[in-house]
Structures are given as C-alpha cells and as structure tokens.
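One structure is given here, and the rest of the page talks about it.
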Amino acid sequence: MKNNLLNIEKNIEEVLKRSGRTGDKVHIIAVTKTVGVDKINEAIELGLTNIGENRTQELVEKYDIIGNKAKYHMIGHLQTNKVKTIIDKVALVHSLDRLSLAKELDKRAKKHGIIVDTLVQVNVAEEESKFGLKLDEVIPFLEKILKYDSIRVKGLMTIAPFVEDAEEVRWVFKELRRFSEVIKNKDYTNVKMEILSMGMTNDYQVAIEEGSNMIRIGTGIFGQRKYR
Ligand SMILES: *Cc1c(COP(=O)(O)O)cnc(C)c1O
C-alpha cells in the first residue's frame, strides 16, 4: 500500500509539473468501499485521512469504529431517507444530484446546526447507467437550491465513462472544468467552485491535466476490490 501511494504521489507531482500547476494541491480521497477497518487504519497511518464510501451503511459502520481520525466523503448515490444517518459524519457529499436531496440535506443540517458541504454530481457523458445532472441542468438546479442556506456547494464532481484508454474521456474532464468557470462567473452566494472532484485509478492523470484538484482512488491504493 505504501508503494502504491508513493507511486500515485509521484505521478501527481509529475502531472502538475508538466501542466504548469506546480504548487497546486491535489487531494486524494482513498476510496475504501469493501475495504476492512484494519486496512483503512493502515492507510490513515500513511497520511490518507480523507476516505470515500459509496454506501451510507458502510460509512456509518466504519465511522463508528474509526471515528474522527479520518474525514468521510460520501461519493455514491445518496438516498434521501439515509441522509439523517450520515449528516453529522460527512465532511463532503460528492453526489448532490436532485432537489429532493438538497431539501433533505438542508433540513437535516439545520437540525444539527451545521452547514453541509456538497459537490454537484454531473453526468457529463450522459450515461444511462450513471447518476448526476446533465450539464445544461446544473445552472437551473443551482438557482433552485440557493434558498437552502444550510447547504454550501463547493464544486462539481463527475465519474467519467470507464474506458481502456483514459485519453478517450479527456473531453469529459475538460467540459466539467470549463463549466465550473461558467458557474464561477455567476457569483452565486453559497456556491463556490473550489473543488473539481474528478479522476479515479484509471484516469486520474488525465483528470489532473484538465484541472482536477480532488481524485478518488480505490484500486490504485488498495488493489482489486473483493465484493462479498
Ligand atoms: C469506486 C469509486 C471510485 C474509485 O474507483 P477506482 O477505480 O477503484 O479507483 C471513485 N469514485 C466513485 C464514485 C466510486 O464509486
């Protein structure tokens, strides 16, 4: 695991250098779905303190054991009726994709007297199998959720189509980056475009070349996932 991480860090540094982004920081979210607590603790020891889960139940189980040694990122589809189980445990929800979810996040955040940080998930490639708003739905969506003042939008997230050659999905990252600039220029209150969560094991180098500053890596750190 240590070698995997060193390798990823070296790649990030090289990509930043060749894209003229030296000095920029790329945050690594260690995607720990299906990974056991012992392994996660090992990762935390190596400095990977941001962990990503795609199921609320798994997130809560791990939170209960690991506690505040790590920050928890909800990166998967979030069911509205599960919001209450994670609202006080998550640092960032990457998968805000519909009004009913915004409403529920706002309601539950208010109950706890907190502000919940979110990213709007965008299905740039408009894949049937994936969640997320289409690009042209994002601005109308943002305008509708402005009234929910316990939600803060910190940026955008996308999952690119899975392809052999990451070059094929470069356009996806480019589009999301371009679109984040469009939104930035709108100057909405409570909407910041500080985070672009894009890039996974297979495509993070291309994503960083196109401006990603948050990558979500599972396999590249922990090896192939074993689903039970
Ligand atoms: C599983 C998952 C990842 C990590 O995928 P790897 O290919 O193992 O790096 C990233 N983002 C999301 C939303 C995921 O569900």
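Tabulated results
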quantity: Coil-residue trypsin sites (Lys or Arg not before Pro) of region 1-83, DSSP, other Cβ within 10 Å capped at 11; calculated: Lys25
quantity: Relative contact order [Cα under 8 Å, 6+ residues apart], the chain, whole percent; calculated: 20 percent
quantity: Per-residue ³J(HN,Hα) for region 175-180, Karplus 6.51 cos²θ - 1.76 cosθ + 1.60, θ = phi - 60°, Hz, x for Gly and Pro; calculated: 4, 5, 4, 4, 5, 5
quantity: Trypsin sites (Lys or Arg not before Pro) lying in DSSP loop within region 160-202, provided at most 13 other Cβ fall within 10 Å; calculated: Lys186
quantity: Sulfur and carbon atoms: percent of accessible area, region 2-219 [1.4 Å]; calculated: 47 percent
quantity: Net charge contributed by nearby residues that have their C-beta within less than 15 Å of Arg108 (K/R +1, D/E -1); calculated: +3
quantity: Longest site-free stretch - the chain; sites: GluC sites (Glu not before Pro), DSSP loop, at most 14 other Cβ within 10 Å; calculated: 1-125
quantity: Partner lysines for Lys107 [C-alpha distance under 19 Å; skip if fewer than 8 residues away on the same chain]; calculated: Lys82, Lys84, Lys89, Lys144, Lys147, Lys154
quantity: FRET efficiency, Val182 to Lys110 (Cβ-Cβ, R0 35 Å, nearest 0.05); calculated: 0.75
quantity: Karplus-derived 3J(HN,Hα), 6.51/-1.76/1.60, for each residue of region 190-198, Hz, glycine and proline x; calculated: 6, 10, 10, 10, 8, 10, 10, 8, 8
quantity: Chymotrypsin sites (Phe, Trp or Tyr not before Pro) within region 131-171, DSSP loop, no more than 13 other Cβ atoms inside 10 Å; calculated: Phe162
quantity: Cα shape, the chain, gyration tensor, a/c 1.5 rule; calculated: oblate
quantity: Charge sum, other residues only, whose C-beta stays under 15 Å from Ile145's C-beta, Lys/Arg counted +1 and Asp/Glu -1; calculated: +4
quantity: Charge context of Lys174, other residues only, Cβ under 14 angstrom, K/R +1, D/E -1; calculated: -4
quantity: Karplus-derived 3J(HN,Hα), 6.51/-1.76/1.60, for each residue of region 95-101, Hz, glycine and proline x; calculated: 10, 6, 9, 7, 4, 4, 6
quantity: Of Leu48, Leu176, Leu96, the one that fluctuates the most in a GNM where the chain has Cα springs shorter than 10 Å; calculated: Leu48
quantity: The chain: most fluctuating residue of Val90, Val31, Val163 per GNM, C-alpha cutoff 10 Å; calculated: Val163
quantity: Sequence-distant residues sharing a close amide H with Gly218 (under 5 Å, placed H); calculated: Val31, Thr201
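The values are calculated or read from the model by the stated rules, or taken from the named source; none is laboratory data. Please read these numbers as outputs of a predicted model, since none were measured by experiment. Quick reminder, even Gly has a Cβ in these numbers, built from the backbone with ideal geometry, and neighbours come from all protein chains shown. When the accessible area is computed, the model is the full protein with side chains, heavy atoms only, and any ligands, DNA or RNA have been set aside. Shrake-Rupley method; radii C 1.70, N 1.55, O 1.52, S 1.80 Å.
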